[in-house]
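First up is the structure itself, then whatever we jot down about it.
Nothing in this text is a laboratory measurement; each read-out follows from the coordinates by a stated rule. Keep in mind that what you see is a predicted model, and the values were worked out from it rather than measured. As a convention, Cβ positions derive from the backbone with ideal geometry for all residues, glycine included, and neighbour counts pool all protein chains shown.
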Amino acid sequence: MLRPFCVTIDDVDPEECSALVWASTVLEARGLGATELSEWLDDPDTVEGVTAEPASLTDEHVQLWRPAERKVERRPEVLRGTGFHRDDSDFCDDCGLASFGDVGAVCPECGMCSECGHAEDCSHRGGS
Ligand SMILES: [Zn+2]
Ligand SMILES: [Zn+2]
């Protein structure tokens, strides 16, 4: 059964370098993560210095998003739902999740994402 893992490289800020992978064991997750984040590793052939921790996803989301095969996750809605963000992300004032381009785009006026909807007094409310 595949589970989501958050992979990070020891000694590197997880803000800068982390990956979400689906694997059945921690070791598998570390292997996938090492390949994905190899530019941060002295020796990409070992999983030394690579840490994998269970990602914080609800059971509901795990069931919804679980892929058929182990892999590195790249779907923006999944990364967003797990709390990842990109360099150009905005953060929703309400749920705190990051935008991934159009996915969960944050309103420039009320600061809320497309999933939370606009604030009561936002002029974009009800419109586009
Ligand atoms: Zn939101
Ligand atoms: Zn708004």
For CYS113, which sequence-distant residues (separation of 5 or more, or a different chain) have an amide H within less than 5 Å of its own amide H, given hydrogens modelled in the peptide plane? ASP93, ASP94, CYS95, CYS107
If each of THR46 and ASP93 carries a label point 7 Å out from its Cα toward its Cβ, how far apart are those two points in nm? 5.0
So how do 11-17, 61-67, 30-36 stack up, highest first, on mean other-Cβ count within 10 Å? 30-36, 61-67, 11-17
Using modelled amide H (1.01 Å from N, peptide plane; none on Pro or chain starts), what sits under 5 Å from the amide H of ARG3, excluding residues fewer than 5 places away? ALA23, SER24
Which ³J(HN,Hα) values, rounded to whole Hz and listed in residue order, are derived for region 57-71 from phi using the Karplus coefficients 6.51, -1.76 and 1.60 in 6.51 cos²θ - 1.76 cosθ + 1.60 with θ = phi - 60°, glycine and proline given as x? 10, 6, 3, 4, 5, 4, 5, 5, 9, 4, x, 6, 10, 5, 6
I want to verify the translational diffusion coefficient of region 3-82 in µm²/s; compute it with Stokes-Einstein, Rh as the Kirkwood radius over Cα pairs, at 20 °C and 1.002 mPa s. 171
